[in-house]
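Just below is one structure, and these are the notes that go with it.
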Amino acid sequence: MRTPETTLDSRYSDPNAVATNWEVTRREIESAQLFWLTTVRVDGRPHVTPLVAVWFDDALYFTMGEGEQKERNLRDNPHVILTTGRNDWREGLDVVLEGDARRVTDEAVLESLGEAWGAKWDGRWNYFTRDGRYYHPDGFEVLPYTVAPTKVLAFAKGMFGHTVHHFSED
């Protein structure tokens, strides 16, 4: 398990705020039902879209169809941001995850990850694996991607705290 260096950025935090520990932040990532993925188009304009994801083996995994805008963007620029949280000013934790996305094609990883998808989504996102791709029982195929975070920001509400979890390169 990768453990980040965690600090509170006091410039953007209440005077009595404390850093949100990694376990709390990780649980928020694990339980989130929706993320917003930001990629960059070839011309430099951002592209943002919602998607579902699964935290598995110290990384966030998600899927997309071949030829979708986000997939075309990732062919040229792997840098992404994934965000999740609540539209509430006083409660909750907003999380911003930064890193590089990469395609996952290893059959053993995809099989194990497929079990995690099924467990998190009560069978609503069941995939079977073939040729480094996922196939949904309804007949469509998707490309699996992963992001091992380099930095995760956690924005606590109420007692406003801006926490930075920085992951060193192994």
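Each value in this text was obtained by applying a stated rule to the coordinates, not by laboratory testing. Bear in mind that the values here come from a model prediction, so they are computed numbers and not experimental data. Counting neighbours? That spans all protein chains shown, and the Cβs are built from the backbone with ideal geometry, glycine included.
Express in nm, to one decimal, how much length is gained between S112 and E66 on full extension, taking 0.36 nm for each residue of separation and deducting their alpha carbon distance. Provide the component values of the computation, followed by the final result.
Details: separation 46, 0.36 × 46 = 16.56 nm, distance 2.21 nm.
Answer, rounded to one decimal: 14.4 nm.
Mind checking which aspartates and glutamates have their Cα closer than 16 Å to the Cα of K120? Skip sequence neighbours fewer than 8 apart in that chain.
E28, E30, D57, D58, E111
Could you calculate the contour length gain from R27 to D9, that is, 0.36 nm times the residue separation minus the distance between their Cα atoms, to one decimal place in nm?
4.4 nm
Under the Karplus relation 6.51 cos²θ - 1.76 cosθ + 1.60, θ = phi - 60°, what is the ordered set of whole-Hz ³J(HN,Hα) values for segment 130-138, x standing for Gly and Pro?
After applying 6.51 cos²θ - 1.76 cosθ + 1.60, I find 7, 6, x, 9, 9, 10, 8, x, 6 Hz.
Taking 22 Å as R0, compute the FRET efficiency from the Cβ-Cβ separation of E91 and D57 and round it to 0.05.
On the way: r = 30 Å, r/R0 = 1.37.
So, using R0 = 22 Å, E works out to roughly 0.15.
Using unit Cβ charges (K, R positive; D, E negative) and no other charged atoms, how large, in debye to the nearest 20, is the dipole of segment 28-162 about its Cα centre?
With Lys and Arg at +1 and Asp and Glu at -1, about 480 debye.
Sorted by mean Cβ packing within 10 Å, highest first, what order do the peptides 143-154, 50-61, 111-122 take?
On the way: 143-154: 20.6, 50-61: 18.1, 111-122: 14.9.
Descending mean neighbour count gives 143-154, 50-61, 111-122.
Can you pull the one-decimal nm distance between simple spin-label points at N77 and D122, each 7 Å off the Cα toward Cβ?
Distance between the two pseudo-spin positions: 3.9 nm.
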